[in-house]
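The next block holds one structure in the form of structure tokens; read it before the comments.
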Amino acid sequence: MKIISILSLSLFLVFLVSFLLKLFILYKKNGIKANVLAKGVKGKTITNVELFVKITTFVWGLLWFTLSIMTIKAENFIGLAIEMKSVRYAGITVLFIGVSIFITAMVSMKTSWRVGIDKKTESKLVTAGIYKYSRNPAFVGFDVMFLGLTLTYPSFLVLTVTVVNVLAIHMLILQEEKHLKSAFGDKYVRYKAKTPRYILFNRSVQSEKVS
């Protein structure tokens, strides 16, 4: 197995284990079923968006795992557009950054962390730590991982999966913003006004009022 694929598989396992471990800890210690993606009664729009995210991220994860373990066969199948080692190692670096951002965001959320929109269980609005710089750092981590996989295994197939996943995540963020505004009111509006949706800049309207 190539060193690139070994590193890729290692990062995939770190991501997957940390994700599953967080779910397990929340349920074991706090009795919280944190994975509510496309589960429960939430309305047609939210359910459809969450189902879209569930499918697209599963495809992405499966593709990441397959490319990491099958190496030559998988690479020949998808047809790498760029085979420069420097580009692919840059992809591994970006994957590492994305996984790190995701884990940091997940840990920072503590017991408020959820997979999907939770309309049943009470949670706190987390605005400290990494959440001072982005309202959605876990999703930023996902987007960085999407980019990292594209650079590690550059092909039309991986690029297509990346674009679809970025779109799906953005759609979910828009639905979450509506939910958070409804759940936390003016507190969320103030947080939204000063903290960017992703990173670096914030397009929120400062004068937005709670409806």
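The values are calculated or read from the model by the stated rules, or taken from the named source; none is laboratory data. None of these values were measured; they are calculated from a predicted model. Cβ sites come from the backbone with ideal geometry, for glycine too, and all protein chains shown count toward neighbours. Heavy atoms of the whole protein, side chains included, go into the accessibility calculation; ligands, DNA and RNA do not. Shrake-Rupley method; radii C 1.70, N 1.55, O 1.52, S 1.80 Å.
So the values come out like this:
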item: Scan of the range 1-19 for residues that are open to solvent by 80 Å² or more (accessible area, probe 1.4 Å) and not hydrophobic (A, V, I, L, M, F, W, C), ordered by number; result: LYS2
item: Test: ILE92 is β-branched (Val, Ile, Thr) and not in a loop (DSSP other than H, G, I, E, B); result: yes
item: In the range 97-122, the residues that are among the basic types (Lys, Arg) and either free of Cβ contacts under 8 Å to residues at least 12 places away in the same chain or not in a helix (DSSP H, G or I) (or both); result: ARG114, LYS119, LYS120
item: From LYS54, LYS33, residue being outside any helix (DSSP H, G or I) and either of a type outside the set (Gly, Ala, Ser) or modelled with pLDDT of 90 or more (or both); result: LYS33
item: Qualifying residue in the range 62-82 (condition: within 16 Å of the chain's Cα centre (by Cα), at pLDDT 95 or above and surrounded by fewer than 18 Cβ atoms within 10 Å (Cβ to Cβ)); result: yes
item: Yes/no for PHE12 being farther than 21 Å from MET109 by Cα, at pLDDT 95 or above and out of contact with any helix residue (DSSP H, G or I) (no Cβ under 8 Å at 6 or more places or on another chain); result: no
item: Output for the range 123-135, where each listed residue is without any contact (Cβ under 8 Å) to a residue 40 or more places away in the chain and farther than 14 Å from ALA183 by Cβ; result: ALA128, GLY129, ILE130
item: The range 20-32 - residue that is without any contact (Cβ under 8 Å) to a residue 12 or more places away in the chain and surrounded by 13 or more Cβ atoms within 10 Å (Cβ to Cβ) and, of those, farthest from ASP118 (Cα to Cα); result: ILE25
item: Hits in the range 123-153 - residues which are part of a loop (DSSP other than H, G, I, E, B) and surrounded by fewer than 20 Cβ atoms within 10 Å (Cβ to Cβ); result: SER123, LYS124, LEU125, VAL126, THR127, ALA128, TYR133
